[in-house]
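The values are calculated or read from the model by the stated rules, or taken from the named source; none is laboratory data. Computed from a predicted structure; not experimentally measured. Cβ: placed from backbone, ideal geometry, glycine included. Neighbour counts: every protein chain shown.
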Amino acid sequence: MDVAHMPVLAALAARSTVGRAAVIPEGMAPGSDVGNMSIMGFDPARFHTGRAPIEVAAMGRTLRPDQTAFRCNLVVVHDGVMVDYAGGNPSSEEGAAVVDALEAELAPMHEGVEFMAGVGFRNAMIAPQDWIDAACTPPHDLSGKAIVNPSGSAGAVLSELMEASRDILGGFDMEANQIWLWGQGFQPQVPSFADTHGVEAGLVTAVDLVRGIGVLSGMKVCDIPGATGWFDTDYEGKRDIALAELEAGLDLFVIHVEATDEAGHAGNVAEKVRALENWDSRILAGLIPGLDSMGPWRLLMLPDHATPLTTRTHTADPVPYVLVDSSVDGPGGVFSESGVAAEPVVPGYQLVSRLLAG
């Protein structure tokens, strides 16, 4: 953020309040599931049960008490090394075709197993409830490293399915050559966003876990065709649907962009800088005049976790935030890690209340 050219954001920060937020509670694994739940104002220590059940909620599925859900990545593994946790970034159509084959050939091997198509390489598997007893490593934590198969009482059956998937993916013309199962959990009980915060809210995202938090909390989940969850996502489309929904009567709208996170996982400096600059030029530059035309407004912006280029995986480090009020100037500051390094750390789930307090 110190390197990227973001003049609109810099001007906002200069008249706002900046600070640091702990979006990942102490002792919890850093990830977008925990971070986004925190940003939506729900304490993950109370409401988080796992990543995958949030994602299957986005697919329209409510888990029964005897079921658990797993995230099912399409990945590239060669010679025991995780070459690509995103499986070469297949399209959703390509991913769905693979999931259909997994459902036809692998699901019948075990009672209660079902595969569900998501977005691109991000898919899901439903399994018996007792399969939750497994230690599974997120594939992005293994980038360029030797794979670590699941352990625990369900570790063997999960490893068996992952290995068996290689024969199925071998029949497709794509980079991904197997599945990776992780992020398991049971059905969460997330309260209503409107009841909790007193406002009607919506969101736009290409990522099922963010969509799932919206579904579980009763937010209006908006879809646009160009939302890909990758570097090529439709920034302008996300900006425009936010303005349209606010104009139509929603009180609050969440814009989620995944590109910076994916660039961090890939260790791609140029794409991470470009994604930040796209936020500035393709969202904020048009968003602010649109908000001004509707009257007074407030805006909160922050990452849902850190994904340093040096480690290529998530960390639990506090993240910078900027809180802007169009009518009342704050003390001003710089929205970057170095710019907020001396600021006190606040719990991430308290920020929505600060946003709405105005």
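Worth a mention:
- Count - residues of region 117-133 that are assigned to a loop (DSSP other than H, G, I, E, B) and crowded, with 23+ Cβ neighbours inside 10 Å: 2
- When region 289-346 is filtered for residues that are part of a strand (DSSP E or B) and of a type in the set (Asp, Glu), only 325 remains.
- The residues of region 216-272 that are out of contact with any Phe, Trp or Tyr (no Cβ under 6 Å at 6 or more places or on another chain) and polar (S, T, N, Q), listed by number, are 228, 233, 260, 268.
- Test: residue in region 226-236 that is closer than 30 Å to residue 68 by Cβ and among the β-branched types (Val, Ile, Thr): yes
- Residues in region 280-292 include none that are under 18 Å from the mean Cα position of the chain (by Cα) and of a type in the set (Ser, Thr, Tyr).
- Residue within region 232-255 that is in a helix (DSSP H, G or I) and touching a residue at least 60 places away in the same chain (Cβ under 8 Å) present: no
- Looking across region 227-251, just one residue is of a type in the set (Gly, Ala, Ser), in contact with a helix residue (DSSP H, G or I) (Cβ under 8 Å, 6 or more places away or on another chain) and farther than 25 Å from residue 53 by Cα, and that is 242.
- Hits in region 71-95 - residues which are crowded, with 17+ Cβ neighbours inside 10 Å and part of a loop (DSSP other than H, G, I, E, B): 85, 86, 87, 89, 90
- Selection status of residue 150, closer than 26 Å to residue 58 by Cβ, surrounded by 15 or more Cβ atoms within 10 Å (Cβ to Cβ) and free of Cβ contacts under 8 Å to residues at least 60 places away in the same chain: yes
- Applying the criterion of being touching a helix residue (DSSP H, G or I) at 6+ places or on another chain (Cβ under 7 Å) and farther than 20 Å from residue 277 by Cα to the residues of region 333-350, the residue that is surrounded by the fewest Cβ atoms within 10 Å (Cβ to Cβ) is 349.
- Note on region 162-201: among residues that are of a type in the set (Asp, Glu) and either in the same structural domain as residue 109 (by TED's automatic domain parsing) or within 27 Å of residue 132 (Cβ to Cβ) (or both), the one that is surrounded by the most Cβ atoms within 10 Å (Cβ to Cβ) is 175.
- Among all positions in region 196-209, there is no residue which is in a strand (DSSP E or B), within 18 Å of residue 53 (Cα to Cα) and in contact with a Gly (Cβ under 6 Å, 6 or more places away or on another chain).
- Among the residues making up region 42-70, those that are more than 14 Å from residue 210 (Cα to Cα) and crowded, with 23+ Cβ neighbours inside 10 Å are 68, 69, 70.
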